[in-house]
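One structure is given here, and the rest of the page talks about it.
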Amino acid sequence: MHNKLDIKIQASKIYLTLSIFVYCLGLFAIWYYFYTLWLSVILSSLLSIWLFYFLPKSLHLTHPNSIVKMVLDEDKLTVEKNDHSTQQFSVFYPSYQSRFLIIINAGKESVVIFKDALASQSLSQLNRYFNTKTKT
């Protein structure tokens with residue numbers, strides 16, 4: 001039986017929500033635990049600059065190293081990045097699986113896929129692929 005799964009990845013609203021929550025938590029910690037006004041202002045501005053750099057590139061998959069497409073085959077994983085470069089991995093495995101998220105380790109890279117980041121497939125189809133691969 002030959003299983004091949006072509007996956008197109010898009011931006012995730014869950015990851016956006018988690019990133020903004022962590023940013024707000026960081027702002028709260030800065031203003032609550034630092035008692036000097038200038039230190040709080042400086043750290044808040046640095047955190048905001050980081051956020052405006054991080055959100056557009058990493059969350060909206062515009063960074064050149066962002067993975068936008070994956071092809072899972074029986075014996076290999078092919079990853080296409082935003083700069084149209086491809087990599088093939090012969091050893092890959094899911095390090096974590098759930099109904100909302102899957103983390104795939106391939107070589108030195110980890111691919112985190114949230115449920116709403118899949119363009120046309122469902123996450124359950126991806127989980128089924130790995131479950132049938134590990135049973136054989």
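The values are calculated or read from the model by the stated rules, or taken from the named source; none is laboratory data. Every value quoted in this text rests on a predicted model; they were computed, and no experiment measured them. Glycine gets a Cβ as well: all are built from the backbone with ideal geometry, and neighbour counts include every protein chain shown. Surface areas here come from the heavy atoms of the whole protein model, side chains and all, with no ligands, DNA or RNA. Shrake-Rupley method; radii C 1.70, N 1.55, O 1.52, S 1.80 Å.
Extending each Cα 7 Å along its Cβ direction at SER44 and VAL91, get the distance between those two points in nm, one decimal.
Label-label distance for SER44 and VAL91, simple model: 4.9 nm.
More than 18 angstrom separation, counting every C-alpha pair in the chain; what % is that?
Of all Cα-Cα distances in the chain, 61 percent exceed 18 Å.
Can you list the chymotrypsin sites (Phe, Trp or Tyr not before Pro) in the range 1-47 that are in a DSSP coil and have 10 or fewer other beta carbons within 10 angstrom?
TYR35
How large a share of the accessible area of the chain, in percent, is made up of carbon and sulfur atoms when the probe is 1.4 Å and the other protein chains stay in place?
63
7 Å from Cα along Cα→Cβ at both LEU5 and ARG128: what's the point-to-point distance in nm?
Spacing of the two 7 Å Cα→Cβ label points: 1.0 nm.
Taking the chain as a Gaussian network, Cα atoms linked when under 10 Å apart, which of THR86, THR78, THR36 shows the biggest mean-square fluctuation?
THR36
Would you kindly state how much longer the chain becomes between LEU55 and SER19 on full extension, computed as 0.36 nm times their sequence separation minus their alpha carbon distance, in nm to one decimal?
Full extension of this stretch gives 12.1 nm more.
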